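Worksheet: one structure, shown below.
Each value in this text was obtained by applying a stated rule to the coordinates, not by laboratory testing. Being a predicted model, the structure only gives us computed values, none of them experimental. Note: ideal-geometry Cβ built from the backbone for every residue, glycine included; neighbour counts use all protein chains shown.
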Amino acid sequence: MRKFFEIYRKQILSCVILLFFGFNFVIWSSVFKKAAEPDLSVYFFDVGQGDSEFISAKDGTQILIDGGPNTKVLSELGRVMPYYDNSIDLVILTHQHADHVTGLIDVLNRYKIGMVIESGADYNTAEYHEFERIIKAKNIKKIIIDSPVEMYFYGGAVLKFLYPERSYDGEVLKNVHDATVVGELNFEDKKILFMGDAEKNIEARLVYEDAVGDIDVLKVGHHGSKTSSNTFFLEATKPEYAIISVGAKNRYGHPTQQTLSNLEAIGAKIFRTDLDGTIKLSISNGTLKLISGK
């Protein structure tokens, strides 16, 4: 062994040196990359005809809102999360329809989840039952939103849950949209409102109770359906940007011309995942930027 080392001494030392510098290069590259990241990023994933948004803070806090209708959310997460990262702090299910919950089944199976938030309304579908089964099997903490509440995280960021205002736990609803979890993200005086599939009844309630005001970005409710984004709601929120999560050539006719006209009338700049791909929003030093993926 000693003779072997003497013969290949230079080669071995060269390999050690290369490994040392290679290791340091990887470490410092990660450090510089982290330093260049915005303080807060929000991704509106292109998952087809469904919803999925991902909030990522500079301190590593990660929040996933909905998972879309298929496994595409996994590839989207793989593009924006570090390759070694196998955990997500919080998963929010806005409501139980398949185009919001199906992808979350794969997320729960793939990642370690810190906590799940939902409305708790009962919904008799295979997808929702599987979602609940995995939560129980993995003993994931679950919180039912039954009143307005605030969650604080990195740098004073706050995610405010504006709706529901009462418990729907175990309740069977004629329209499960009526229990949609609505959240507003506030960071460095920039506000992003996530409406899920909330319809005009919830919009009216939020306006009449002064739960919403001027915002910067609206994740448009119900994929741009005519049931949402009514004029009175848009006049109260006055979003500068409107993001519609929608699939190309979907059978529902989303987004409707009525909704597009309503958004244009208040001067909102419209982004659509079917046309623009995944959309990235970033906030740093009080400046908000939007970049489309296509």
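The length gained by stretching the chain between Lys142 and Asp122 to full extension, at 0.36 nm per residue less their Cα-Cα distance, is 5.7 nm. Helices assigned as whole DSSP H runs in the chain whose Cα atoms extend at least 20 Å along their own long axis and whose mean Kyte-Doolittle hydropathy is 1.0 or higher are found at 9-36. Build a GNM of the chain with springs between Cα atoms under 10 Å apart, and of Lys160, Lys269, Lys238 the one that fluctuates most is Lys269.
Using only helices, what value at 222 nm comes out for the chain when you add -39,500 (n - 2.57) per DSSP H run of length 4 or more and divide by the total residues, to the nearest 500 deg cm²/dmol?
-10000 deg cm²/dmol
What base-10 log of the normalised intensity I(q)/I(0) is obtained for the chain from the Debye formula, alpha carbons as equal point scatterers, at q = 0.07, 0.10, 0.13, 0.14 Å⁻¹? Log10 of I(q)/I(0), two decimals: -0.30, -0.54, -0.86, -1.00. With each label modelled as a point 7 angstrom along the Cα→C-beta vector, the Glu150-Lys112 pair spans 3.1 nm. Most tightly packed first, judged by the mean number of other beta-carbon atoms within 10 Å of their residues, the peptides 147-157, 271-281, 48-58 read 48-58, 271-281, 147-157. When each of the peptides 242-249, 230-237 is scored by the mean number of other C-beta atoms lying within 10 Å of its residues, the order from highest to lowest reads 242-249, 230-237.
Rg over Rh for the stretch 152-279 works out to 0.96, using Cα positions for both radii and the Kirkwood form for Rh.
Each DSSP beta bridge with both residues in the chain is either parallel or antiparallel, and the antiparallel ones are about 60%.
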